[in-house]
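Structure record follows, encoded as structure tokens.
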Amino acid sequence: MGLTLDSHISLLCVIVILLPSLCFSQDSYVSSRATYYGSPDCLGTPTGACGYKEYGSTVNGGEVTGVSYKLFKNGTGCGACYQVRCKYSKHCSEDGIKVVVTDHGEGDNTDFVLSARAYNKLALQGQAEILFSYGVVDVEYKRISCQYPGYNLMFKVHEHSRFPHYLALVAIYQAGVSEITAVELWQEDCQEWRGMRRAYGAVWDMPNPPQGAINLRFQVSGSKWVQLKSLIPSEWKAGATYNTAIQLD
């Protein structure tokens, strides 16, 4: 007996789910350029285009970066991790630095605008002052898996949310190399999933969200759906963070 349409779709989904790991497994480095931005504490900025707020300042110890449009991917690239190393062997460390994408930014043909703390760690001991004097350096980079030991993937209710009329969510501590490409909430009275809008960066929003405890599902790298029952409580609050108890690969 031949495969049914549903069987074909299920088989295709299994194949597609495997593809992101293959696509994002980057062994070779890509040549580019990097610069840095200043901040009072040398950490990231809480006003980055990903919408992470304070998390964007301190995640990964403040070793974060803004990236060019091709890596920002209209917000899909938010939260991605990269290994970046500069190419001046006299001044630069061999391993470079692991950074997390928290913003969009580019200038002078750069793919990375690093926090001052991250830029400093590109250098060998005693050589950072020279790299800062250059302002822009030649680098090479590759996509790597994000790791947050002790943390699960969490959804934070964005500070701009207004209970109960407007809900905005942002995923934080997103490990692995997967990307969240869609978020939906279950509408009980209509018995259907309602898609949230990518407002900007990593922020997903919806006016007049469902009442009561909210079931949420999100799509990983354009294929696999992950469903979370009653993740958001009925009396949710702006700024609150809810633990999914899972982590992505």
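The values are calculated or read from the model by the stated rules, or taken from the named source; none is laboratory data. Worth saying up front: this structure is predicted, and the values here are computed from it rather than measured. Glycine also receives a Cβ, built like all others from the backbone with ideal geometry; neighbour counts cover every protein chain displayed. Keep in mind that these areas ignore ligands, DNA and RNA; they rest on the heavy atoms of the full protein, side chains included. Shrake-Rupley method; radii C 1.70, N 1.55, O 1.52, S 1.80 Å.
Conditions (1) of a type outside the set (F, W, Y); (2) at pLDDT 95 or above; (3) closer than 18 Å to H158 by Cα; (4) in contact with a strand residue (DSSP E or B) (Cβ under 6 Å, 6 or more places away or on another chain), marked per residue:
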residue	(1), (2), (3), (4)
D189	yes, no, no, no
W193	no, yes, no, yes
V203	yes, yes, yes, yes
P207	yes, yes, yes, yes
I214	yes, yes, yes, yes
R217	yes, yes, yes, yes
K237	yes, yes, yes, no
T241	yes, yes, yes, yes
- Residue by residue through the stretch 48-59, note down the ones that are part of a helix (DSSP H, G or I), in contact with a strand residue (DSSP E or B) (Cβ under 7 Å, 6 or more places away or on another chain) and either open to solvent by 40 Å² or more (accessible area, probe 1.4 Å) or among the aliphatic types (A, V, I, L, M) (or both). V59
- Message: Going residue by residue through the stretch 220-231, is there one that turns out to be over 22 Å from the mean Cα position of the chain (by Cα) and open to solvent by less than 20 Å² (accessible area, probe 1.4 Å)?
- Response: no
- From the list E106, E129, pick out the single residue that is open to solvent by 20 Å² or more (accessible area, probe 1.4 Å), modelled with pLDDT under 95 and either assigned to a helix (DSSP H, G or I) or not hydrophobic (A, V, I, L, M, F, W, C) (or both). E106
- Note on the structure: Only unsatisfied item for A123, checking (1) within 12 Å of the chain's Cα centre (by Cα); (2) buried (at least 18 other Cβ atoms within 10 Å of the Cβ); (3) small (G, A, S), is (1)
- Near pairs, Cβ below 6 angstrom, 6+ apart or cross-chain, from the stretch 98-111 (closer than 21 Å to A123 by Cβ) to any residue that is at pLDDT 95 or above and acidic (D, E): V99/E63
- Note on the structure: Of (1) in contact (Cβ under 8 Å) with a residue 12 or more places away in the chain; (2) closer than 14 Å to G75 by Cα; (3) open to solvent by 40 Å² or more (accessible area, probe 1.4 Å); (4) not polar (S, T, N, Q), V170 satisfies every one except (3)
- Failed item in (1) modelled with pLDDT under 95; (2) within 28 Å of I144 (Cβ to Cβ); (3) surrounded by fewer than 20 Cβ atoms within 10 Å (Cβ to Cβ), with A182 passing the rest: (1)
